1. At 222 nm, what helix-only mean residue ellipticity would chain A give, in deg cm²/dmol to the nearest 500, using -39500 (n - 2.57) for each DSSP H run of four or more?
2. Counting only the heavy atoms of the protein chains, how much of C:R51 is accessible to a 1.4 Å probe, in Å² to the nearest 10?
3. Just report the Cα centroid separation between region C:293-310 and region C:136-202, whole Å.
4. Residues with beta-carbon under 15 Å from that of A:A80, excluding A:A80: net charge, scoring Lys, Arg +1 and Asp, Glu -1?
5. Suppose each label sits 7 Å from its Cα in the direction of the beta carbon; what would the C:I323-C:C339 distance come out to in nanometres?
6. Please compute the average number of Cβ atoms from other chains found within 10 Å of each residue's Cβ in peptide B:289-298.
7. For region A:75-106 and region C:223-290, write down the distance between their C-alpha centroids in whole Å.
8. Along the Cα→Cβ direction, 7 angstrom out, place labels at B:V280 and A:N88. What is the inter-label distance in nm?
Amino acid sequence: MNHVLHIGLNHYLVLAAILFAAGLCTMTLKRNAIGILIGVELVLNAANVNLIAFSHYGTGLIDGQVTAIFVIVLAAAEAAVALAIFLNFYNRLATVDVDRGDRLRG
Amino acid sequence: MLEAILFYGFAAMALAGAFGVLLSRNIVRTAVWLLATLGAAAGLYFLLGAMFVGAIQLIVYAGGTLVLIIFGVMLTSKNPHMRFAPRRAEVAVAAVVCLALVGLLVWVLLHSTWYVGPIVQTRAQWAQTGVNEHPWAHDLQAVTQFLDANHVAIVDAKGVPCGPVTLAGLARAAWYELTVMPQGDQGDRRQPLHDADGKPMSGDQLLAELHALPPQDRAIDDAALESAIAALESPDAPARTVQQVAYACGDADLLTDADGDGTRNIGLGFLGVYLLPFEVISVLLLAVLIGAAYLARPRVPASGGTGGGR
Amino acid sequence: MVPAPDYIPLINLPRPIEAVAVIAVYLGFVSVVAMFFIWWERKVSAHMQSRLGPMRVGGWHGWSQSLADGLKLLSKEDLIPDEADRPLFRIAPYLAFVPAFAAFAVLPFSAKFAFVDVSITVVLIFGILALEVLGVILGGWASNSKWSLYGAMREACQIVSYEIPLGLAVLTPVLTVGSLSLVDISIDQGGGIHRWLAFRNPFLFVSFGVFFIASLAANKRAPFDLPESESELVAGFHTEYSGMRFAMFFFAEYAAMFLIGGLAALLYLGGWYDPFGIVLHMEHTPSLVWWAALAGAGIFVVKAFTMVFVQMWLRWTLPRLRIDQVLYMCVKVLLPLACVNLLGVALWAWLFPGGAAQLAVQIVLTVIGAGGAGAFLAILVWAMFFRGRGITVSMLKPWTNLLHRTESK
């Protein structure tokens with residue numbers, strides 16, 4: 001009972017692990033390119049939850065928070081580039097189904 | 001109790017969002033489920049005392065990245081209810097792999113020993129960390145010894161003593177030339193220093209008492225102490241916290257900047273130890289700006305068929 | 001810097017109950033304010049067009065028109081288009097409505113009426129407000145109507161671009177005061193009109209303009225109301241909405257108007273301090289602290305209402321921009337201006353940390369800014385009360401006659 005009511009580091013880590021797996025599963029299952037991007041965002045969020053939790057329960061310093069901010073900013077940049085690529089993809093193939101982007105196959 | 005309720009609420013929201021993302025077949029709804037996860041993650045950050053990161057998560061992730069994603073959906077889907085169903089076999093394989101991954105991760109997490117709580121519990125362990133080699137460590141040690149000798153405890157906003165935690169954190173803060181984020185549930189609050197009677201004690205009071213000790217009992221030389229007291233007594237000095245006392249022992253210049261606020265420390269970190277990553281990421285963002293603009297520019301439809309202009 | 005005041009309990013109740021009570025009071029206040037603004041906007045627009053506006057419902061100048069409208073909207077059928085994405089269509093109004101109201105939780109009304117005790121209220125308030133755009137985009141998308149989708153895409157485009165100059169403009173007061181707390185920023189402005197941040201230095205003066213324009217665009221108010229432009233897109237993102245869901249979008253917009261007005265007051269126009277330093281004096285007199293808090297809250301509300309009036313006035317004065325003009329304004333005008341302001345404020349703080357030069361600049365700017373605004377308000381009052389029929393076109397007649405004469409020649 002104490003483990004249920006007293007929230008500790010492990011609670012956050014388990015939550016992040018499930019989020020991570022869900023994100024990974026989304027990345028593998030979605031065929032829509034933007035769906036895959038959303039899966040990546042889930043994975044990044046799982047990592048961020050871990051970082052903040054370690055920063056709070058572990059060292060008590062701001063290392064984790066600073067890294068989390070870097071991750072958030074880089075995720076925004078990544079989304080911008082990914083969307084630009086998807087727009088090109090869509091302009092060429094008239095779809096965002098990643099299975100259709102196999103023109104380089106011999 | 002409240003923390004548990006809030007944690008489980010946000011966790012349920014995050015998981016509902018994650019499974020919604022996983023199971024939803026409509027891409028816009030997928031994005032809305034992601035919003036639930038992002039919001040819940042921001043709530044968890046608030047719960048962990050990382051207010052600034054939570055706010056940034058809301059502004060940049062929910063207000064920027066997600067809008068960008070939905071914008072991309074609008075631009076790339078002809079019919080609003082576009083569906084791409086994965087094959088059965090794919091679903092089965094993915095489910096097995098991901099469940100196995102969750103099981104493995106959770107097993108590993110629950111069977112590893114994470115160091116939770118105070119970084120250093122005893123002075124002997126503190127000595128092993130190598131902090132003592134830092135020039136400021138002596139001063140910090142002196143503060144610790146003084147606190148211990150005078151039965152001074154540092155209490156958080158609820159009055160719970162958190163002495164060794166914060167002092168060890170201070171030592172590491174000095175090591176990284178940063179201030180430390182106060183621990184405890186109320187991560188963002190300033191922590192008043194209390195003396196043995198439970199009365200709030202100001203930093204300069206503490207320093208004055210430290211000053212009164214015979215020189216052989218302390219590791220701070222008189223000059224450092226003088227400058228520290230001078231800085232503490234300057235009109236610019238805000239509310240005195242134990243961090244400031246630590247800084248006073250180490251570096252008087254930093255004193256007025258440190259007031260036990262996590263956000264302030266993040267700012268100091270960005271322009272201090274993390275300056276190089278910060279600058280690298282700025283350059284990367286500039287590259288992304290140019291690259292995305294180049295990739296997404298409107299293309300003149302290829303006439304003549306060569307397309308060599310690319 | 002004065003530390004943020006601790007949480008002051010209003011009444012002696014257990015904390016959860018008290019929180020619920022405070023939330024109830026806040027929700028009530030915000031709802032009443034939003035309804036008042038809807039009525040007020042109709043009156044303002046009417047008077048600017050030489051009409052009377054709502055006059056019948058409730059007696060005195062149709063004061064309960066909004067109530068009647070609310071009842072009407074409540075009793076209306078909640079239509080959902082056939083091809084709409086039903087769940088998204090249903091939740092979109094809440095996604096717009098909840099953030100606009102939630103942001104009030106971190107808005108301090110005066111030193112004692114600041115209910116959330118965190119040090120980063122500036123960032124937090126923009127974080128909460130950033131969620132509002134999602135409701136609009138989803139509503140437009142889920143309606144499955146071309147007009148709504150156009151409105152939603154314009155909104156997405158406009159908000160994402162205008163958040164950058166808005167954020168950079170907000171950084172200038174933050175940089176000057178050295179705090180991310182709205183309470184701290186406000187407290188720094190006490191003691192007279194020359195202390196108000198808008199009049200501290202030329203860069204902040206310009207920054208206030210950037211902030212105000214960008215906040216208009218972020219709240220899709222005219223002349224940046226492209227997402228809902230009635231004349232081209234029927235009503236943009238809420239074309240397909242009816243009944244209470246439509247009212248929620250409306251409420252969200254009017255609540256956000258007050259929020260933006262309040263932010264302008266807190267960040268640039270002296271917060272809850274009067275121009276003569278009386279409230280600051282009262283705050284430092286122990287027996288008058290609560291009176292100072294009440295008076296401060298009143299002054300703050302007056303300032304916020306003034307800013308809201310300016311927003312309405314602009315709406316009924318300026319023509320709507322085209323989308324390319326909106327983006328030109330953001331990327332080529334406001335963004336460079338905001339960057340220069342940020343650098344300028346930093347340089348200013350470094351070059352003139354205080355002293356006579358700074359004071360002289362403050363006084364000059366105060367005279368220019370406050371004098372100009374005061375003269376304008378005086379003309380306004382004169383036009384409204386002494387010329388009988390509000391601000392009418394006929395008031396402009398001498399000028400338009402002049403114009404026609406020069407044109408005919």
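The values are calculated or read from the model by the stated rules, or taken from the named source; none is laboratory data. The structure presented is a predicted model; accordingly, all values stated were derived computationally and were not measured. Cβ coordinates were reconstructed from backbone atoms using ideal geometry, including for glycine residues, and neighbour counts include every protein chain displayed. Just so you know, the surface numbers come from the protein's heavy atoms only, side chains and all, with ligands and any DNA or RNA stripped out. Shrake-Rupley method; radii C 1.70, N 1.55, O 1.52, S 1.80 Å.
1. Details: 4 runs with 78 residues, N = 106.
My calculation for chain A gives -25000 deg cm²/dmol from helical runs alone.
2. 110 Å²
3. 19 Å
4. On the way: positive: B:R297; negative: A:E41, A:E78, C:E163.
Charge balance near A:A80 sits at -2.
5. Output for this residue pair reads 2.6 nm.
6. Values: counts 3, 0, 5, 9, 2, 1, 9, 9, 3, 1.
Counting Cβ atoms of other protein chains within 10 Å of each residue's Cβ and averaging gives 4.
7. 41 Å
8. 2.5 nm
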